[in-house]
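Take a look at the structure set out below.
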Amino acid sequence: MTGITMAIVDDHPLFREGVSRSLSEIQDFVVVGEGASAAEAAELAARHRPDILLLDVSIPGGGIDAISDIAARSPQTKVLLTASEEVEALVAALRRKAMGYVVKGSGSRELAEAIRTVMGGARFVSPTMRAAINAIDKRASLTRREVEVIDLAAEGLSNKHIGRRLNLKEKTIKHHMTEILSKLGANNRTEAAIRWREGADRG
C-alpha cells in the first residue's frame, strides 16, 4: 500500500470520524483502521502495522499506557498523541517515547504537519505546548549538582549558605548559578528560582 498509513483511536465517535474523514482527503494519507480503546489500539497496530497511530490520551485503558503495547506489537509504528493542553500528559507521553503530541482542536493542516514531521523521524509538539516542552528540556539539561544548587536557591538560601550546605566554596556556587541562569534562560537567581518552582509544581 502506497502513502502514509494510519489508524485512529479515540472513544468519541464524532471526533474520530471527523479526523478520519479529514485525513482521508489528504493526498498520500491512508486511514487503515479505527478504534476506541487501548486494547483496540494494540490490535490495530498488530493487524495493520500502520506508519502512524493517532491515539487519544484519555481512551479506556489509557492512551499513554497503551504506547508500550503498541511498540511491542508493531515496532515501526509511530505514536502521535492527541490530548488537551496538559503538561503532565505531555511529559508522560514523551517519557513513553511518543513521537508527537497534538492538542485537540488543532486544524487538519497542523495535524497533517505533525504526521509528516513524525514520519520524517522528528518529534512534533503543538505550538501552544512548545513553551512547556522547552522548559522541560531546559530543566533536564541541568547537572545533578546544579539541581541541588537551584533547589536550595528556590528555598531562599544565599550562595554562601548554599555553599555551607553542600560543603562547597561560595565561588563554586556562583559558577553553578551562572550555568543555571544560562540553561534556564533566566536573567537573575530570583527569576531562575521562580521558573524552577513552577516547573516542579507542574510535575
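Do we have any residue at all in segment 5-17 that's of a type in the set (V, I, T), part of a strand (DSSP E or B) and more than 23 Å from E86 (Cα to Cα)? Full working, then the answer.
Filtering segment 5-17 down to residues of a type in the set (V, I, T) leaves 5, 8-9.
With part of a strand (DSSP E or B) added as a condition, the list becomes 5, 8-9.
With the extra rule that they be more than 23 Å from E86 (Cα to Cα), the set shrinks to 5.
Yes, some residue in segment 5-17 is of a type in the set (V, I, T), part of a strand (DSSP E or B) and more than 23 Å from E86 (Cα to Cα).
Does D56 satisfy the condition of being open to solvent by less than 10 Å² (accessible area, probe 1.4 Å), modelled with pLDDT of 90 or more and among the charged types (D, E, K, R)?
On the way: open to solvent by less than 10 Å² (accessible area, probe 1.4 Å): yes; modelled with pLDDT of 90 or more: yes; among the charged types (D, E, K, R): yes.
Considered against the rule, which asks whether it is open to solvent by less than 10 Å² (accessible area, probe 1.4 Å), modelled with pLDDT of 90 or more and among the charged types (D, E, K, R), D56 comes out as yes.
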Residue in segment 97-116 that is within 21 Å of T2 (Cα to Cα) and touching a Pro at 6+ places or on another chain (Cβ under 8 Å) present | no
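Hey, among R116, R130, which residue is over 11 Å from K183 (Cα atoms), part of a helix (DSSP H, G or I) and either at pLDDT 90 or above or touching a Cys at 6+ places or on another chain (Cβ under 9 Å) (or both)?
Working: R130 fails: either at pLDDT 90 or above or touching a Cys at 6+ places or on another chain (Cβ under 9 Å) (or both).
Every option except R116 fails the conditions.
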The condition of being at pLDDT below 95, exposed (fewer than 15 other Cβ atoms within 10 Å of the Cβ) and in contact with a Ser or Thr (Cβ under 9 Å, 6 or more places away or on another chain) holds, among D28, D65, only for D28
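Can you find a residue in segment 77-91 that is open to solvent by 40 Å² or more (accessible area, probe 1.4 Å), of a type in the set (G, A, S) and more than 15 Å from V102 (Cα to Cα)? Please lay out each step first, then the result.
First, pick out the residues of segment 77-91 that are open to solvent by 40 Å² or more (accessible area, probe 1.4 Å): 78, 84-86, 88.
Now restrict to residues that are of a type in the set (G, A, S): 84.
With the extra rule that they be more than 15 Å from V102 (Cα to Cα), the set shrinks to none.
The answer is no, given that none of the residues of segment 77-91 is open to solvent by 40 Å² or more (accessible area, probe 1.4 Å), of a type in the set (G, A, S) and more than 15 Å from V102 (Cα to Cα).
The values are calculated or read from the model by the stated rules, or taken from the named source; none is laboratory data. None of the values given here were measured: they were computed from a predicted structure. All Cβ positions, glycine included, derive from the backbone under ideal geometry; neighbour counts span all protein chains shown. The area values use the complete protein model at the heavy-atom level, side chains included, leaving out ligands, DNA and RNA. Shrake-Rupley method; radii C 1.70, N 1.55, O 1.52, S 1.80 Å.
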